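Report on the structure given below.
The values are calculated or read from the model by the stated rules, or taken from the named source; none is laboratory data. What you see is a predicted model; the values in this text were computed from it and never measured. Note: ideal-geometry Cβ built from the backbone for every residue, glycine included; neighbour counts use all protein chains shown.
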């Protein structure tokens, strides 16, 4: 397949593209000002400036792009007022512009990336929308716009909602990075009471989820509008720390309860509809 | 009350502001490039340039704005690719920026304006979302962003979904304007088969709906997230034409069925939850 990936320079994107290139011809959409994006000399990267939807349409058509995997996103745990234009631009406008171009270029399918944070306090699997933060709200807003294209064109659109992720080359300061640093330095780490449940997937499992869904899209399987990639194994932060100590034969110097929970701390992650015929294989 | 209105130069906005000024102190938010907006010399108009959320916050606080009625919108029956940036900017970003400022300025309530076109083919009153067009999708997207603010602040937020409207000084080319012109000129008017049901409200009834909801917001009544303003009286386009002929003692020269229905023609408008304790009084 000829597949266009957005957000290919990010954590998920870089792993996914390496995997996709084993079987498919991969094209990239990048923003002109993204220094992390290294354009190939082979014309397989399209630099999307704000309003050139027509040029993107041409690029998609000329390269006979069959499907798009849309990972590009501005992630902010909490926002400040100065962030609002970029949040809307990156998480709402960009995807809409790509869908407009894709619908005109005859692209057959579009995989969107959501977050389980769109469903705060809905651990029962209901699809009730309640955003953890403004980032999650922009993800939901984009799904509304995508719905217009799935209703009015032949393009098939599906959203994969991701839980937390970990793996090599993750520059984000995530929980395993904290544990590793703590085991190494032994400095006191002050944390919340640690009763919040975590749902955290290895990047290889995330990548296989996208690859699997892309194949289902290609095969024309009947799909729902959204699926979740989840470890299926929710442990509390404390349990996660204990397991880390056991498996790595280290001691973590953590003071539990030294900090309050964050506002809108997710205590029980959303489960939703798991992607069918996919199972996580890796575990920290 | 001190009320800020956006979109005050539009059809609904101009009628609403005239009515609000009878009882309340009205402030205006306008875009710097809107020539229809005549700023008063009394400092009651705030010109919102793209990213000055801080300045808006100050304006809201200094003028002790209690509530906001958000009417500003870019309406497009069908869009072209060049319209996408403005649709997102006007219908998604602007409202989000206002909510951010409002939440910081202690504004107590916010009335948003939606459209029954967010619920295509859902005449059963279910709140299933399915947009008629991209305009309706941007309205839904904004409601999802508004949900973040209603969940995380004390501000009360409610959306009024409007059906079609008519009344004096309507510069939009709507159905009664077409009838009036046809009765005057007698020229042949080619229309669709005319079986689509219409839900059309006089502007005075729309205005009273907003005034009534503002009062309920002020009084702290328990409200749902959204209500519909509907005539409660759905007639087909043919029936509407026949009634117009009868009541105005004119003959309309219409060739029914000469044109196809539009793509995604709304045959049965969405009813939804009517605004409580409000009844339309006027009828064409």
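Scan the stretch A:128-160 for residues that are more than 12 Å from every other protein chain (Cβ to nearest Cβ) and either within 22 Å of residue A:275 (Cβ to Cβ) or in contact with a helix residue (DSSP H, G or I) (Cβ under 6 Å, 6 or more places away or on another chain) (or both) and the total you get is 6. Among the conditions (1) surrounded by fewer than 16 Cβ atoms within 10 Å (Cβ to Cβ); (2) within 14 Å of chain B (Cβ to nearest Cβ); (3) under 24 Å from residue A:138 (Cα atoms); (4) without any contact (Cβ under 8 Å) to a residue 40 or more places away in the chain, residue A:55 misses just one, which is (3). No other residue among B:65, B:84, B:69 is in the same structural domain as residue B:142 (by TED's automatic domain parsing) and out of contact with any strand residue (DSSP E or B) (no Cβ under 9 Å at 6 or more places or on another chain) apart from B:84. For the residues A:208, A:180, A:100, the requirement of being more than 14 Å from chain B (Cβ to nearest Cβ), more than 28 Å from residue A:277 (Cβ to Cβ) and touching a helix residue (DSSP H, G or I) at 6+ places or on another chain (Cβ under 9 Å) singles out A:180. Filtering A:161, A:174 for residues that are within 30 Å of residue A:63 (Cα to Cα) and in contact with a strand residue (DSSP E or B) (Cβ under 9 Å, 6 or more places away or on another chain) leaves a single hit, A:161.
Just to be sure, is residue A:33 at pLDDT 95 or above, assigned by TED's automatic domain parsing to the domain that holds residue A:211 and part of a loop (DSSP other than H, G, I, E, B)?
No; evaluated as a whole, the condition is false for this residue.
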